[in-house]
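Presented below is the structure to which this report refers.
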Amino acid sequence: MQGLNQQIQQFYDASSGLWEQIWGEHMHHGYYGVDGTLKKERREAQIDLIEELLTWADVQQATEILDVGCGIGGSSLYLAARFKASVTGITLSPVQAQRASDRAKFAGLSQSTQFLVADAQNMPFADHSFDFVWSLESGEHMPDKMKFMQELCRVLKPGGKLLMVTWCHRPIDQQPLTEDEQAHLEEIYRVYCLPHVISLPEYEQIARSLPLQNIRTADWSKAVAPFWEVVIDSAFNPMAIVGLLFSGWKTIEAALSLNLMKTGYERGLIRFGLLSATKE
Ligand SMILES: C[S@@+](CC[C@H](N)C(=O)[O-])C[C@H]1O[C@@H](n2cnc3c(N)ncnc32)[C@H](O)[C@@H]1O
């Protein structure tokens, strides 16, 4: 059996070109207002999500930023320009790292950005290297959530800010997951190369065991869930279908399974979790 990291690498190596062609450089949800009712163009919604997150976490400035699970550098380049900061992005996919570097060159941001293939659970950075650690929709891929959070915290400078945003399942303190919910999650895990997800209170508990303070969490499921309808609508235009045929079975399967996420939100099973904190 192939290792998880290798599966994730191959998944993003194979699918990132098509994603960029159809949906652009941001590989994350969009923001449609607090209750998800605002109508807007998909890319605008994705950029709004970045801005809303920065506002929510009260990130006013940053000089050394780490983007953990950077995709093709959508957020990295945005943050580099927005804060006139140095940004390092890491991904498991060499194809993504190369594409992010090429995009940085094209945007005139090569001097202030670098993209590496590295594992978020064992990062090649010294302790206290960054004053802002940003991780948008990569935590769901991490098999060891504790190790992941420890690493995010380790590389932060004292006083530095962490903003981690990830797919979760619903809280389980009132009622454990049902068999049917578990089966639904297993399908999502299989299709999107995820080991498992946890609930936001569980992330908060992990954060409380680390040298972090001002820990805050929020569930933005309502604000982002409409994204899946938009993606489903645009996934089956002729250009996307031709692209899918050239991107291999895993990518086709991921596209055919978009409904799993839509219904996951509808039944309250999938949650979009935010956690921010400051390093002690
Ligand atoms: C859904 S994409 C999100 C990309 C980006 N944050 C964005 O919003 O455009 C998930 C990213 O997480 C990365 N990733 C998954 N597991 C990782 C790991 N163990 N170490 C580093 N990156 C990882 C993938 O390579 C991919 O770039």
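Quick note: the coordinates plus some simple rules give every number you see, no bench work behind them. Small disclaimer: the values here were computed from a predicted structure and weren't measured. Every residue, glycine as well, gets a Cβ built from its backbone with ideal geometry; the counts of neighbours run over all protein chains shown.
Rg/Rh for region 58-101: what does it come to with C-alpha atoms and Rh from Kirkwood?
Values: Rg = 10.4 Å, Rh = 10.5 Å.
Looking at region 58-101, the ratio lands at 0.99.
Can you tell me the dipole magnitude for region 98-252 around its Cα centre, using point charges on the Cβ only (Lys, Arg +1; Asp, Glu -1), in Debye to the nearest 20?
Details: 14 positive and 19 negative charges, 146 e Å.
Dipole magnitude for region 98-252 comes out near 700 debye.
Quick one: Cα convex hull volume of region 52-185, Å³ per residue?
Values: hull volume 17.5 nm³, N = 134.
Roughly 130 Å³ of hull volume per residue.
Remind me, what semi-axes does region 1-72 give for its equivalent ellipsoid, largest first in whole Å, using sqrt of 5 times each Cα gyration tensor eigenvalue? Present the calculation step by step, with values, prior to reporting the outcome.
On the way: eigenvalues 141, 68, 26 Å².
Those come to 27, 18, 11 Å.
What's the local net charge at Ala57, with K and R +1, D and E -1, over the other residues with C-beta under 10 Å away?
Working: positive: Lys161, Arg216; negative: Glu52, Asp58.
Once all neighbours under 10 Å are counted, the net charge is 0.
If you average the C-alpha positions of region 59-80 and of region 1-40 separately, how far apart do those two centres end up, in angstrom?
Rounded to whole Å, the Cα centres lie 16 Å apart.
What FRET efficiency do you get for Glu187 and Thr217 if R0 is 30 Å and r is their Cβ-Cβ distance, rounded to the nearest 0.05?
Working: r = 26 Å, r/R0 = 0.88.
In this case the efficiency is close to 0.70.
Hey, what did region 134-229 get for relative contact order, percent, Cα under 8 Å, at least 6 apart? Please report the intermediate quantities before stating the final value.
Details: 75 pairs, mean separation 32.4, N = 96.
About 34 percent, as a whole number.
Between the alpha-carbon centers of region 88-120 and region 182-259, tell me the distance in whole angstrom.
22 Å
Between His26, His141, His184, which gets the highest mean-square fluctuation from a Gaussian network model of the chain, Cα cutoff 10 Å?
His184
No solvent, one uniform scatterer per C-alpha: report log10 I(q)/I(0) for region 17-128 via the Debye equation at q = 0.15 1/Å, two decimals.
Treating every Cα as an identical point scatterer, log10 I(q)/I(0) equals -0.68.
Using only the Cα atoms of region 32-75, build the gyration tensor, take square roots of its eigenvalues as a ≥ b ≥ c, and label the shape rounded, prolate or oblate: rounded if a/c is under 1.5, else prolate if a/b is larger than b/c, else oblate. Let's see the in-between values first.
Working: a/c = 2.94, a/b = 1.53, b/c = 1.93.
Oblate shape, in that a/c is at least 1.5 and b/c is the bigger or equal ratio.
Taking the Cα centre of region 41-125 as origin, work out the dipole magnitude from +1 charges on Lys and Arg Cβ and -1 charges on Asp and Glu Cβ, in debye rounded to 20. Mind dumping the intermediate values first?
Details: 7 positive and 10 negative charges, 75 e Å.
The dipole of region 41-125 has a size of about 360 debye.
Helix-derived [θ] at 222 nm for the chain: sum -39500 (n - 2.57) over DSSP H runs of at least 4, divide by residue count, nearest 500?
Values: 12 runs with 129 residues, N = 280.
That calculation yields -14000 deg cm²/dmol at 222 nm.
Can you give the translational diffusion coefficient of the chain in µm²/s, computed by Stokes-Einstein from the Kirkwood radius over Cα pairs at 20 °C and 1.002 mPa s?
Numbers: Rh = 18.9 Å.
D, rounded to a whole number, is 113 µm²/s.
Relative contact order of the chain: what whole-number percent is it, with Cα pairs under 8 angstrom and at least 6 residues apart?
Details: 505 pairs, mean separation 59.7, N = 280.
Relative contact order, the chain: 21 percent.
Please arrange Arg103, Arg208 by counting, for each residue, the other beta carbons lying within 10 Å of its beta carbon, fewest first.
Working: Arg103 20, Arg208 11.
Arranged by neighbour count, lowest to highest, Arg103, Arg208 become Arg208, Arg103.
Compare the Cα positions of Thr37, Gly3, Gly160 along the charge dipole of the chain (+1 at Cβ of Lys, Arg; -1 at Cβ of Asp, Glu; about the Cα centre) and return the one farthest towards the positive end.
So the residue furthest toward the plus end is Gly160.
Does region 107-265 classify as rounded, prolate or oblate by the C-alpha gyration tensor (a ≥ b ≥ c root eigenvalues; a/c under 1.5 gives rounded; else a/b over b/c gives prolate, otherwise oblate)?
Details: a/c = 2.08, a/b = 1.27, b/c = 1.64.
Judged from the Cα gyration tensor, region 107-265 comes out oblate (a/c at least 1.5, b/c at or above a/b).
For region 198-280, report the % of Cα-Cα distances exceeding 14 Å.
Values: 2387 of 3403 pairs.
Tail of P(r) above 14 Å: 70 percent of Cα pairs.
So how strong a dipole does the chain carry about its Cα centre when Lys and Arg Cβ are +1 and Asp and Glu Cβ are -1, to the nearest 20 debye?
Details: 24 positive and 34 negative charges, 113 e Å.
It comes to approximately 540 debye.
Can you compute the equivalent ellipsoid semi-axes for region 139-223, i.e. the square root of 5 times each eigenvalue of the Cα gyration tensor, sorted largest first and rounded to whole Å?
So the equivalent ellipsoid measures 25, 15, 11 Å along its semi-axes.
Relative contact order of region 181-280: what whole-number percent is it, with Cα pairs under 8 angstrom and at least 6 residues apart?
Numbers: 88 pairs, mean separation 46.7, N = 100.
Relative contact order of region 181-280: 47 percent.
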